[in-house]
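The values are calculated or read from the model by the stated rules, or taken from the named source; none is laboratory data. None of these values were measured; they are calculated from a predicted model. Here the Cβ positions follow ideal geometry from the backbone for every residue, glycine too, while neighbour counts run over all protein chains shown. The accessibility values were calculated without ligands, DNA or RNA, using every heavy atom of the protein model including side chains. Shrake-Rupley method; radii C 1.70, N 1.55, O 1.52, S 1.80 Å.
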Amino acid sequence: LRLETRAARRLPVPGAAPPRWRVRSSPRAPLPGMGVPAAGSRAGEAGRPRPPPGGQERSAATARRPARAPPLSRPAPAYPGRRPVVKATGPTVAADMAQNLYGPGVRMGNWNEDVYLEEELLRDFLGRREKGQLLVQRSRRLKETLLRQTQLSVSEDGYIHFGHQVMVVSPDFPEPADLFLAGDLSLCLTPDEIKAHLADELEVLCGLSAARAPVPVGRNTFVVLSVDGSDVDGQVLRFGQSFCLGTRGGMASKLLFLSSDHRTLLRPSPRPWLQEVFLAAEPSPLSCWQAAWPDPQLRLEQEGAPVPAGARLLLRHRHSGRALAVHRHLLLRTYFGREAEVAAHTHLDARRVEKPQNHWLLVTGSPRPDGATLRDLPPPPLPAPAPTPGPCDPSAAPRGASPGPGAA
């Protein structure tokens, strides 16, 4: 440390003025044994006493003296504003060399503290793994729960009943946009990834999306429920009747109800800025929906008729009057991949008819063991055309024969 301090004091400070050498005012006395220099020599002139500083003679001598040349510029240091590092020998260099020479088995520094920290981290990891609280375990458990296959209800008479487990499917339709999800899309719950990992239950106000899921799983299975409890399980659902759609997401927690509310600045739809659709914890007027016939000319005639399973219909929100819609060209990055966004908005064409974005199907289970849903069944065969009478048929009248009087 002393060597470094002395070396630093000897080095010039960058940007400081050059040192000025001090001139002695009194002559230096000659050493003993040396003669007095001659009067005309340069040594005699140096030994001659000089006038006191500050006088007129001093000023005149200064005026006659030529201007001093400026000192040579010194090279700038490698790091401006900082003094150059001086390499010193001693304990510092020994410690640096020891770090390069000693192997990993040599204990240096706070080795005891590092050993205890490693043991504590290992014990914490083993404890969280035994309890199933690791992030990879929570993620695997969430996927297994939401993607666990479920069993849909089978309709014996071909209609939707209260208490049935159904899938809400948007049938395929051509989209003018270039990037869109084609095929049948089912309504699915989309939990937030971070909130789902922190808790074992689904968060309140869970999001929704539309994904390609032809097989019924926990995240796309809904239950048809009554609004006030007056309609018991087993009764037929009719057009214009209010009902709720609830889901558990494959978990043993309480039901979450499909709900929607008017658009606000704090709660709009993420992409198109429309009315948001979400899952609420409690049934309310915001979770009431009605089934409507897609053709507006036959809508009043079908009011009160049973809702057939697998038929096209509109899911209209009773509180706001807007229909449930899927936007295939607006994709969301969810925990399960890229999926289409779902909102509450009525898309009308030039004839004031709802577009295919608002068409949905309430799909039930397949009565056959080889199919999972009603959509897996083959289409019914077309009816055979009626046979045309031939020329040899006695019931056919001959050509050119006029009908009898009783024909009129």
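Would segment 224-235 turn up any residue that is surrounded by 14 or more Cβ atoms within 10 Å (Cβ to Cβ) and of a type in the set (D, E)? Taking every residue of segment 224-235 in turn, at least one turns out to be surrounded by 14 or more Cβ atoms within 10 Å (Cβ to Cβ) and of a type in the set (D, E).
Taking the criterion of being closer than 15 Å to F278 by Cα and open to solvent by less than 40 Å² (accessible area, probe 1.4 Å), the residues of segment 319-330 that qualify are S320, A323, L324, A325, V326. Scan segment 190-211 and give yes if some residue there is under 30 Å from P296 (Cα atoms), open to solvent by 40 Å² or more (accessible area, probe 1.4 Å) and not polar (S, T, N, Q), otherwise no. Checked against the condition, which is being under 30 Å from P296 (Cα atoms), open to solvent by 40 Å² or more (accessible area, probe 1.4 Å) and not polar (S, T, N, Q), segment 190-211 yields no hits at all.
The set of residues in segment 126-149 being assigned to a loop (DSSP other than H, G, I, E, B), touching a helix residue (DSSP H, G or I) at 6+ places or on another chain (Cβ under 6 Å) and either closer than 16 Å to D192 by Cα or among the β-branched types (V, I, T) (or both) is empty. When R312, R333 are checked against the criterion of being in contact (Cβ under 8 Å) with a residue 40 or more places away in the chain, open to solvent by 30 Å² or more (accessible area, probe 1.4 Å) and of a type in the set (D, E, K, R), R312 stands alone in meeting it. Here segment 337-371 is the region considered, the condition is being among the aliphatic types (A, V, I, L, M) and touching a strand residue (DSSP E or B) at 6+ places or on another chain (Cβ under 7 Å), and the residue that is most open to solvent (accessible area, probe 1.4 Å) is L348. In segment 129-163, the residue that is farthest from the chain's Cα centre (by Cα) out of those that are crowded, with 18+ Cβ neighbours inside 10 Å and over 30 Å from A311 (Cβ atoms) is T145.
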